[in-house]
Amino acid sequence: MQGIDKFAHLSRVLNYRFEDVSLLEQALTHRSAAKQHNERLEFLGDAVLGMVIADALYQTFEDVPEGKLTRMRSTLVKGETLAELAIEARLGELLKLGQGELKSGGHRRSSILADAVEAVLGAIYLDAGLDTVRRVILNLWEERIKALNPHEHPKDNKTRLQEFLQSRRQPLPVYAVVNITGKDHDQTFEVSCTISEAHPPVLASGNSRRKAEQEAAKLMLERLENAAR
């Protein structure tokens, strides 16, 4: 009963209960915690998610060209969206992490949360097949798909920050890598974003320089927008 209770909230969010709970256990195991971890399931879940979302967009937006469909799919399957879903499902509480990741707050790290969502979807696919995982995905993404505007071109955080600064004739941001930790295949980049001496720099991290820069831009933009209110 303890194992069932532990996954009760997740089961409600997914509207799915595993037949083979060991698949779910593996999906929630980070590579830092055990030799049998979730990276292969993540690979599988990423492919299944991309296919299901692409099919849903193709069926829902009949007259939208390929380029816009691609942008819309990217919005739905990007790491930030997956991490949001993980937080809603309280997935971080269930993750098995090594001591190093635990101490560094890995259960809150967006990249780890996003990977775990893909791994859980891969596990559902193995546990119950394509039709079931399709149903789970479409239920989880239903409101996000409805909210899409195919004629809106989503801007990334670096672009939004640059436009904010340009509109106020302020210096453009400068990004710099201040620290890199981890092994070559599993690195974490810490990046600073600086705009002027009047504003202290912000720091952000990610599993690539690009992601860290995007996160730093997001934090700087939030600070500037709050100050402008």
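The values are calculated or read from the model by the stated rules, or taken from the named source; none is laboratory data. Keep in mind that what you see is a predicted model, and the values were worked out from it rather than measured. Heads up, the Cβs are rebuilt from the backbone with ideal geometry, glycines too, and the neighbour counts pull from every protein chain shown.
Looking only at segment 95-111, which residues are over 15 Å from the mean Cα position of the chain (by Cα) and either of a type in the set (Ser, Thr, Tyr) or in a helix (DSSP H, G or I) (or both)? Hits for segment 95-111 are Gln99, Gly100, Glu101, Leu102, Lys103, Ser104.
Taking residues in segment 136-157 that are under 20 Å from Leu85 (Cα atoms), and partners anywhere that are of a type in the set (D, E, K, R) and surrounded by fewer than 14 Cβ atoms within 10 Å (Cβ to Cβ), the pairs with Cβ atoms closer than 9 Å and at least 6 places apart or on different chains are Leu140/Glu88.
This table checks each residue for (1) part of a helix (DSSP H, G or I); (2) more than 21 Å from Arg134 (Cβ to Cβ); (3) assigned by TED's automatic domain parsing to the domain that holds His185.
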{"residue": "Leu44", "(1), (2), (3)": "yes, no, no"}
{"residue": "Val48", "(1), (2), (3)": "yes, no, no"}
{"residue": "Gln59", "(1), (2), (3)": "yes, no, no"}
{"residue": "Asp63", "(1), (2), (3)": "no, yes, no"}
{"residue": "Leu69", "(1), (2), (3)": "yes, no, no"}
{"residue": "Thr75", "(1), (2), (3)": "yes, no, no"}
{"residue": "Ile87", "(1), (2), (3)": "yes, yes, no"}
{"residue": "Glu93", "(1), (2), (3)": "yes, yes, no"}
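Assess whether Lys68 counts as being touching a residue at least 12 places away in the same chain (Cβ under 8 Å), of a type in the set (D, E, K, R) and over 15 Å from Ala119 (Cα atoms). Considered against the rule, which asks whether it is touching a residue at least 12 places away in the same chain (Cβ under 8 Å), of a type in the set (D, E, K, R) and over 15 Å from Ala119 (Cα atoms), Lys68 comes out as yes.
Residues of segment 190-201 include none that is touching a residue at least 40 places away in the same chain (Cβ under 8 Å) and either under 17 Å from the mean Cα position of the chain (by Cα) or surrounded by 13 or more Cβ atoms within 10 Å (Cβ to Cβ) (or both).
Kindly indicate whether Asp184 is out of contact with any Cys (no Cβ under 6 Å at 6 or more places or on another chain), on the phi < 0 side of the Ramachandran plot and either in the same structural domain as Leu23 (by TED's automatic domain parsing) or surrounded by 15 or more Cβ atoms within 10 Å (Cβ to Cβ) (or both). In short, no. Restricting attention to segment 152-175 and to residues that are surrounded by 11 or more Cβ atoms within 10 Å (Cβ to Cβ) and of a type in the set (A, V, I, L, M, F, W, C), the residue that is farthest from Glu225 (Cα to Cα) turns out to be Val174. Here Lys35 passes the criteria (1) outside any helix (DSSP H, G or I); (2) loosely packed, with under 15 Cβ neighbours inside 10 Å; (3) touching a residue at least 24 places away in the same chain (Cβ under 8 Å) except the one numbered (3).
Looking only at segment 1-32, residues that are in contact with an Asp or Glu (Cβ under 7 Å, 6 or more places away or on another chain), under 18 Å from Leu140 (Cα atoms) and surrounded by fewer than 19 Cβ atoms within 10 Å (Cβ to Cβ) come to 1 in all. Residues that are basic (Lys, Arg) and surrounded by 19 or more Cβ atoms within 10 Å (Cβ to Cβ) within segment 97-133 comprise just one, Arg109.
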